[in-house]
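A.B. asks: There's a structure below that I have some questions on.
The values are calculated or read from the model by the stated rules, or taken from the named source; none is laboratory data. Remember, predicted model here, so these are calculated numbers, not experimental data. No Cβ is skipped: glycine too gets one built from the backbone with ideal geometry, and neighbour counts run over all protein chains shown. Just the protein is used for accessible areas: all its heavy atoms, side chains included, with ligands, DNA and RNA removed. Shrake-Rupley method; radii C 1.70, N 1.55, O 1.52, S 1.80 Å.
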Amino acid sequence: MTSLPPDLNPQHLPQHIAVIMDGNGRWATSRGLTRIAGHRQGAKTLKELLRCCKDWGIKALTAYAFSTENWRRPVEEVDFLMLLFERLLRRELAQMHQEGVRISFIGDLSALPQTLQIQMQRSMAETLHNQAIHFTVAVNYGSRNEITRVCRQVAELVERGELSPEEVNESFVTQHLYTADTPEPDLLIRTSGEMRLSNFLLWQMAYTEMYFTDILWPDFDREAFHQALLSYQKRDRRFGQVKSAIAV
Ligand code: FPP
């Protein structure tokens, strides 16, 4: 277990961090390795980050592992990623459960291989009541798809007379997203120099602080994370208000 670096204020840590793990492919090709080797290394980095978040008292981590657009990658890469998710789950579930990690998967899981879906459902059910940290993995996830799904649910409920248009408000939408039981991310970290959201948690990140770094995901180590948190702690979060109006 590692303790929080002394220059970080434990009272002012983000409670929920979202990560876009970009740069696995470039990390691998720059070393003469296959892209697949980059994803394998990227998974190790994620595991380390999860442990670090838990040790430092951060209560939720959400990782974008596979987007609705990622199906367009070469079939061998897609197949490998599916295999990697399944293999990691089988290998790591017992340990994560023991450490009090609650695991959730968000996205359209119905399009994933059947054996992977079973493994995902099992790990969500088994860890449901764990409290140390909530680890969410977005797989076959796309924010527009998620919001469209809510619109369809609203239309169906209204059509059946079970919901009136006046009842449709922000809270209703929030409660019908995949992330209904998770607070909004305080901090988004995206690696590899890309500065966009790529259809990730668009509704949920309306007031999230963004941190972009040139470091490639497999190299995003504890010190890089420390730097991201230092940057976060320097931000002045106003949520659209002026500072004096926010209760402290
Ligand atoms: C982006 O880098 C990375 C991905 C699309 C895959 C991320 C998946 C992992 C790190 C495995 C995580 C495992 C679990 C269980 C969650 P890229 O391939 O787009 O890299 P590039 O931009 O350099 O090509």
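A.B. asks: Can you find even one residue in region 32-41 that is open to solvent by 30 Å² or more (accessible area, probe 1.4 Å), of a type in the set (D, E, K, R) and closer than 16 Å to residue 96 by Cα? Show your work before the answer.
C.D. replies: At the first step, the residues of region 32-41 found to be open to solvent by 30 Å² or more (accessible area, probe 1.4 Å) are 32-36, 40-41.
Checking the rest, the ones that are also of a type in the set (D, E, K, R) come to 35, 40.
Subsequent filtering for residues that are closer than 16 Å to residue 96 by Cα retains none.
No: region 32-41 contains no residue that is open to solvent by 30 Å² or more (accessible area, probe 1.4 Å), of a type in the set (D, E, K, R) and closer than 16 Å to residue 96 by Cα.
A.B. asks: Of all residues in region 189-222, count the ones that are open to solvent by less than 60 Å² (accessible area, probe 1.4 Å), within 15 Å of residue 18 (Cβ to Cβ) and not in a loop (DSSP other than H, G, I, E, B).
C.D. replies: Result for region 189-222: 6.
A.B. asks: Under 9 Å between Cβ atoms, at least 6 apart or on separate chains: pull out the pairs that start in region 223-243 with a residue that is surrounded by 10 or more Cβ atoms within 10 Å (Cβ to Cβ) and assigned to a loop (DSSP other than H, G, I, E, B) and end on any residue that is at pLDDT below 80 and not charged (D, E, K, R).
C.D. replies: These pairs meet every condition: 237/246; 238/245; 238/246.
A.B. asks: Residues of region 41-85 being within 18 Å of residue 106 (Cβ to Cβ), of a type outside the set (A, V, I, L, M) and more than 9 Å from the ligand (Cβ to nearest atom), which ones?
C.D. replies: 53, 59, 62, 68, 69, 71 - these are the residues of region 41-85 that are within 18 Å of residue 106 (Cβ to Cβ), of a type outside the set (A, V, I, L, M) and more than 9 Å from the ligand (Cβ to nearest atom).
A.B. asks: I've got another one for you. Please state which of the following conditions residue 105 fails to meet, knowing it meets all the rest: (1) more than 24 Å from residue 197 (Cα to Cα); (2) open to solvent by less than 70 Å² (accessible area, probe 1.4 Å).
C.D. replies: In the conditions (1) more than 24 Å from residue 197 (Cα to Cα); (2) open to solvent by less than 70 Å² (accessible area, probe 1.4 Å), residue 105 misses (1) alone.
A.B. asks: Assess whether residue 152 counts as being open to solvent by 60 Å² or more (accessible area, probe 1.4 Å), assigned to a helix (DSSP H, G or I) and either under 26 Å from residue 37 (Cβ atoms) or touching a residue at least 40 places away in the same chain (Cβ under 8 Å) (or both).
C.D. replies: Values: open to solvent by 60 Å² or more (accessible area, probe 1.4 Å): yes; assigned to a helix (DSSP H, G or I): yes; either under 26 Å from residue 37 (Cβ atoms) or touching a residue at least 40 places away in the same chain (Cβ under 8 Å) (or both): no.
Answer is no for this residue.
A.B. asks: Going through 34, 2, 29 one at a time, which residue ends up being more than 20 Å from residue 193 (Cα to Cα), among the β-branched types (Val, Ile, Thr) and free of Cβ contacts under 8 Å to residues at least 24 places away in the same chain?
C.D. replies: Result: 34 is the single residue among 34, 2, 29 that is more than 20 Å from residue 193 (Cα to Cα), among the β-branched types (Val, Ile, Thr) and free of Cβ contacts under 8 Å to residues at least 24 places away in the same chain.
A.B. asks: Could you please give the count of residues in region 51-63 that are part of a helix (DSSP H, G or I) and buried (at least 21 other Cβ atoms within 10 Å of the Cβ)?
C.D. replies: So the first thing to find is which residues in region 51-63 are part of a helix (DSSP H, G or I), and the list is 51-56.
Now drop any that are not buried (at least 21 other Cβ atoms within 10 Å of the Cβ), which leaves 53.
Qualifying residue count, region 51-63: 1.
A.B. asks: Report, by residue number, each residue of region 9-26 that is in contact (Cβ under 8 Å) with a residue 40 or more places away in the chain and assigned to a helix (DSSP H, G or I). Even if it seems obvious, please write down each step before you answer.
C.D. replies: Looking only at region 9-26, we keep the residues that are in contact (Cβ under 8 Å) with a residue 40 or more places away in the chain, and these are 9-10, 12-24, 26.
Passing the criteria: 10, 12, 24, 26.
A.B. asks: If only one of 115, 127 is within 15 Å of the ligand (Cβ to nearest atom), β-branched (Val, Ile, Thr), open to solvent by 20 Å² or more (accessible area, probe 1.4 Å) and closer than 27 Å to residue 176 by Cα, which one is it? It would help to see each step written out before you state the result.
C.D. replies: On the way: 127 fails: open to solvent by 20 Å² or more (accessible area, probe 1.4 Å).
None of the other options fit; the residue is 115.
A.B. asks: Okay, next question. Kindly provide the set of residues from region 2-34 that are among the charged types (D, E, K, R) and under 25 Å from residue 233 (Cβ atoms), ordered by number.
C.D. replies: Keep residues of region 2-34 that are among the charged types (D, E, K, R), which gives 7, 22, 26, 31.
Residues satisfying the conditions are 7, 22.
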